[in-house]
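Engineer: The structure that follows is given in the form of structure tokens.
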Amino acid sequence: MHHYFVEGFVLPNQNQIWWTILIVLYPYITGIVAGAFIISSLYHVFNKEDLKPVSRFSLLMAFAFLLFATCPLLGHLGRPERALNIMLTPNPTSAMAGFGFIYATYLIILAIEIWLVYRPDIVYLSKHSSSMLLRKLYWLLSLGVDNVSKSSLESDHKVMIFLASIGIPAACTLHGYVGFIFGAIKANPWWSSPMMPVIFLLSAIVSGIAMVLVCYQAIHYLKGRAIDSQCTQALMGYLWLFAIIDVAIELLEIINHAYMANEDWEVLHELVMTKLFVSYVVIQMLVCSVIPIGLLGAAIIFRKRLSDRIRNAMGFLSAMLLLIQVLAMRWNVVIGGQMFSKSFRGFLRFDVEVFGREGLLVAFAIFLMPFITLGIFARLLPLWGPIETYPKKWLRKGLPEKQNLTFPEPAHPS
Amino acid sequence: MKKMNRREFLTKTVGTGVKTFVFGNLVCTTAELLQDKKSFANSASKKEEPEKVIFGFLVDTRKCIGCGSCVRADKAENGVPEGFFRTWVERYTFFPNGRVLVDSPKGAEDGFWPVKEDKERTLGKPYHHYFVPKLCNHCIDTPCIQVCPVGASFETKEGVILIDQKRCVGCAYCVQACPFGTRYINPEKGVADKCTWCYHRTTQGLKPACVEVCPVKARIFGNISDSESEISKLLRDNRVQVLKSYLGTRPKTRYIGLDSGVI
């Protein structure tokens with residue numbers, strides 16, 4: 001068991017911080033899911049053509065992160081083997097009880113949407129993939145449906161728009177609900193605020209866009225492919241917009257606390273100015289908010305004077321900083337909210353655990369998993385574009401050099 | 001096997017999914033309704049049951065001497081793990097410059113020692129102090145039951161808030177939601193734990209362990225629906241308060257002589 005350093009008067013049972021790094025990681029992961037999904041919807045549903053190069057990748061990224069969103073929770077539970085109780089005996093008055101259902105719904109929507117987007121590729125690969133085994137695998141993935149006629153693809157698109165029209169509110173619910181988990185705790189003045197779901201949602205969108213921007217540029221740079229500057233420019237625009245709103249609301253929240261100066265402000269003020277000074281004031285509010293918002297603003301306002309390379313670099317740096325900003329925000333909410341006692345007369349220090357079930361190593365491992373999964377996806381499906389981007393070795397020998405992109409006629413008309 | 005086209009496939013999959021979901025919900029709801037009906041029938045059949053019992057707990061802070069017997073008794077009775085407390089006693093010491101020092105060394109398991117000399121040197125000689133025992137407030141509108149995702153926290157018919165430790169998943173949401181810091185995760189069991197007002201004793205007509213051992217009768221426990229019980233009389237004849245009333249949880253543990261500095 002941990003022994004935490006306490007000062008002042010801390011209620012005797014509050015001798016440790018219950019929600020630690022894994023609970024910081026959980027909203028971070030779901031946030032990236034929500035943000036990435038919104039990016040892909042901007043293309044698939046709202047026809048933002050600029051985002052086409054990342055539209056597929058962001059969908060897969062959302063899925064890869066969503067697959068591991070439950071891991072931090074399972075790692076944290078005192079009795080993980082009973083986790084399914086949350087769906088078997090859900091308590092209707094508990095916000096947390098909604099998790100299982102919201103999560104499952106969203107996972108299904110996302111899976112179907114990915115299937116619809118990739119269906120033509122899957123069908124094509126189930127016929128032209130290099131090995132028999134792979135062809136069988138793709139056939140399984142196609143669920144036996146090989147109709148890729150124009151009318152069929154059109155109706156796919158209709159279903160996709162319908163799914164996205166559920167998916168966007170589901171993404172917002174998934175993350176707004178995470179904010180609600182904290183915002184609805186009246187026992188904790190640092191959490192209890194109707195702003196919390198809004199802040200969580202906005203920072204989710206910021207982290208999702210930032211992660212897509214970072215991964216897109218990093219992977220293309222490493223693979224030596226050309227970066228589509230129109231796409232990065234569009235991403236930077238959205239990132240700038242959401243970062244401004246997000247930071248503005250975060251600031252409004254703390255100013256509101258300070259201005260109202262309720263009886264709990266004394267302890268919150270002390271919290272912000274001493275315990276969370278580095279992670280909140282310096283990292284979250286100054287370095288990782290002001291600099292990226294300034295950089296993105298400059299990159300957008302002076303876009304004609306700057307070269308693509310410089311602008312992309314500015315975007316990359318800003319996105320990295322904003323990823324840290326959102327992580328710091330999660331940390332400051334989750335850990336910060338437990339660093340003062342409910343006696344409002346004392347503080348606890350949080351010592352980061354490295355090894356152990358809820359330690360830093362486990363957190364790193366869980367955070368790495370979505371990237372490994374994306375790597376596996378990349379071996380199966382083209383991350384960036386449709387068929388023309390398949391590596392040649394994926395396909396059977398003897399196919400014409402330049403692939404014919406019109407899909408084969410259906411074997412049996414539907 | 002008949003070949004299925006995509007439309008049929010989708011209709012079938014979605015249809016089956018919806019049916020499973022709806023049917024599953026129906027089964028759950030019906031089971032719950034039946035259970036409710038059963039308990040309703042049970043309560044109806046026991047018409048001749050003597051009287052309704054609603055437990056209440058009253059702490060007279062004016063009487064507490066901070067001996068810590070209650071904490072020791074509670075630990076012995078309930079096997080409370082080391083470092084955690086189902087009940088504890090706080091000491092509020094007042095200094096001439098207006099400073100208040102609050103402490104509760106080891107939850108007052110070993111009682112209190114005089115305020116340290118170095119504190120006296122910096123803050124002056126204390127002119128007043130009192131003790132405040134704390135325990136679960138068994139709130140009427142309790143946030144712990146509200147937030148429990150699996151419905152492990154529940155209220156008994158006597159108004160006691162308990163935890164079904166076989167159902168609890170140990171998420172600690174209730175620990176976060178309790179404004180009074182009375183809940184903790186039992187390190188041995190991995191589930192939430194807290195004061196039960198010694199439900200195993202009180203339902204047998206005994207008093208809670210802490211009430212039993214208190215040498216000065218600072219803790220009073222009883223049936224508040226019986227207007228002739230000791231606790232009912234005391235509640236009637238005194239000015240009573242609750243902790244953090246502004247949060248609207250309506251605690252059932254009430255206090256006589258509570259000072260505004262106590263939170």
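The values are calculated or read from the model by the stated rules, or taken from the named source; none is laboratory data. What you see is a predicted model, and the numbers here were worked out from it, not measured in a lab. Cβ sites come from the backbone with ideal geometry, for glycine too, and all protein chains shown count toward neighbours. These accessible areas exclude ligands, DNA and RNA; they are computed on the full protein's heavy atoms, side chains included. Shrake-Rupley method; radii C 1.70, N 1.55, O 1.52, S 1.80 Å.
Engineer: Under a 1.4 angstrom probe, counting protein chains only, how are A:HIS220, A:HIS128 ranked by accessible area, largest first?
Structural biologist: Ranked list, largest accessible area first: A:HIS128, A:HIS220.
Engineer: A further question follows. Give the carbon-plus-sulfur fraction of the accessible surface of the stretch A:211-274 in %, rounded to a whole number; probe 1.4 Å, heavy atoms of protein chains only.
Structural biologist: C and S fraction of accessible area: 63 percent.
Engineer: Kindly tabulate the residues in the stretch A:13-27 with an accessible-area decrease of at least 20 Å² between the chain alone and the assembly of all protein chains, using a probe of 1.4 Å.
Structural biologist: Correct list: A:ASN13, A:ASN15, A:TRP18, A:TRP19.
Engineer: Tell me, how many Å apart are the Cα centres for the stretch B:80-153 and for the stretch A:185-261?
Structural biologist: 41
Engineer: Filter the chymotrypsin sites (Phe, Trp or Tyr not before Pro) in the stretch B:102-197 to those in DSSP coil with at most 12 other Cβ atoms within 10 Å of their Cβ, and list the result.
Structural biologist: The qualifying sites are B:TYR127.
Engineer: Can you tell me the 0 to 90 degree angle between the C-alpha axis of helix A:360-380 and the longest principal axis of chain A, rounded to 10?
Structural biologist: Tilt of helix A:360-380: around 10 degrees.
Engineer: Hey, what's the per residue convex hull volume over the C-alpha atoms of the stretch A:8-60, in cubic angstrom?
Structural biologist: 117
Engineer: Per residue, how much accessible area does the protein assembly as shown show when a 1.4 Å probe rolls over the protein heavy atoms, in square angstrom?
Structural biologist: Value for the protein assembly as shown: 47 Å² per residue.
Engineer: Still on this model: Could you report the accessible area of A:HIS44 in Å², rounded to 10, computed with a 1.4 Å probe on the protein chains as they sit in the structure?
Structural biologist: Probe radius 1.4 Å; accessible area of A:HIS44 about 20 Å².
Engineer: Could I ask something else about it? Which residue, A:GLU266, A:GLU49, A:GLU81, tops the fluctuation ranking in a GNM of chain A built on C-alpha contacts under 10 Å?
Structural biologist: Result for chain A, Cα springs under 10 Å: A:GLU81 fluctuates most.
Engineer: What whole-number volume per residue, in cubic angstrom, does the convex hull of the C-alpha atoms of the stretch B:54-263 give?
Structural biologist: Dividing the Cα hull volume of the stretch B:54-263 by its residues yields 129 Å³.
Engineer: Within 10 Å of each candidate Cβ there may be at most 14 other Cβ atoms; applying that plus a DSSP loop requirement, which GluC sites (Glu not before Pro) in the stretch B:72-107 survive?
Structural biologist: Counting only loop positions with at most 14 other Cβ atoms within 10 Å, the GluC sites (Glu not before Pro) in the stretch B:72-107 are B:GLU82.
Engineer: Restricting things to Cα coordinates, could you compute the convex hull volume per residue of the protein assembly as shown in Å³?
Structural biologist: Value for the protein assembly as shown: 186 Å³ per residue.
Engineer: May I pose another question? Need one number: buried accessible surface between chains B and A, 1.4 Å probe, both sides summed, DNA, RNA and ligands left out, in Å² to 100.
Structural biologist: 4100
Engineer: If each DSSP helix of 4+ residues adds -39,500 (n - 2.57) and the sum is divided by the residues in the protein assembly as shown, what number results at 222 nm, nearest 500 deg cm²/dmol?
Structural biologist: -16500 deg cm²/dmol
Engineer: Right, something else. Scattering from the C-alpha atoms of the stretch A:17-392 alone, worked out with Debye: what is log10 I(q)/I(0) at q = 0.10, 0.13, 0.15 1/Å?
Structural biologist: -0.67, -1.10, -1.38
Engineer: Which trypsin sites (Lys or Arg not before Pro) in the stretch B:161-198 pass both tests, a DSSP loop state and at most 15 other beta-carbon atoms within 10 Å?
Structural biologist: Those satisfying the criteria are B:LYS166, B:LYS189.
Engineer: Using only Cα atoms, what Kirkwood radius does the stretch A:12-130 have, in angstroms?
Structural biologist: 16.6
Engineer: Based on Cβ point charges of +1 for Lys and Arg and -1 for Asp and Glu, what charge dipole magnitude is obtained for chain A about its Cα centre, in debye rounded to the nearest 20?
Structural biologist: Here the size comes out at about 1400 debye.
Engineer: What does the average come to when, for each residue of peptide A:86-92, you count the partner chain Cβ atoms lying within 10 Å of its Cβ?
Structural biologist: 5
Engineer: Test of understanding: in a Gaussian network model of chain A with alpha carbons linked when under 10 Å, which of A:PRO197, A:PRO370, A:PRO90 would top the mean-square fluctuation ranking?
Structural biologist: A:PRO90
Engineer: For the stretch B:54-263, give the percent of accessible area contributed by carbon and sulfur heavy atoms, probe 1.4 Å, rounded to a whole number.
Structural biologist: 51
Engineer: Order the following by accessible area, largest value first: A:PHE377, A:PHE101, A:PHE9. Probe radius 1.4 Å; ligands, DNA and RNA are ignored.
Structural biologist: On the way: A:PHE377 35, A:PHE101 70, A:PHE9 15 Å².
Greatest to least solvent exposure: A:PHE101, A:PHE377, A:PHE9.
Engineer: Which residues, if any, in the stretch B:61-92 lose at least 40 square angstrom of accessible heavy-atom surface (probe 1.4 Å) when the other protein chains sit next to their chain rather than the chain being alone?
Structural biologist: Residues meeting the cut-off: B:PHE84.
Engineer: Another one. Would you work out what percent of the accessible area of the stretch A:28-93, with all protein chains in place, is carbon or sulfur (probe 1.4 Å)?
Structural biologist: Numbers: 1420 of 2210 Å².
About 64 percent, which is the carbon plus sulfur part of the accessible surface.
Engineer: Considering every residue in A:94-106, what mean count of other chain Cβ atoms within 10 Å of its Cβ is obtained? Working shown, then result.
Structural biologist: Working: counts 12, 4, 7, 6, 1, 2, 1, 1, 0, 0, 1, 1, 0.
Average per residue, whole number: 3.
Engineer: Which of B:THR156, A:LEU201, B:PHE85 sits closest to the plus end of the dipole of the protein assembly as shown, meaning its Cα is farthest towards the positive end, when Lys and Arg get +1 and Asp and Glu get -1 on the C-beta?
Structural biologist: A:LEU201
Engineer: How crowded by other chains is A:333-342, given as the mean number of beta carbons from other chains within 10 Å of each beta carbon?
Structural biologist: 1
Engineer: Given the protein assembly as shown, what percent of its DSSP beta bridges are antiparallel, to the nearest 5?
Structural biologist: 90
Engineer: With the solvent-accessible surface defined on protein heavy atoms using a 1.4 Å probe, which residues belonging to the stretch A:128-158 display a reduction of at least 30 Å² in accessible area in the multichain context relative to the isolated chain?
Structural biologist: A:LEU143, A:VAL145
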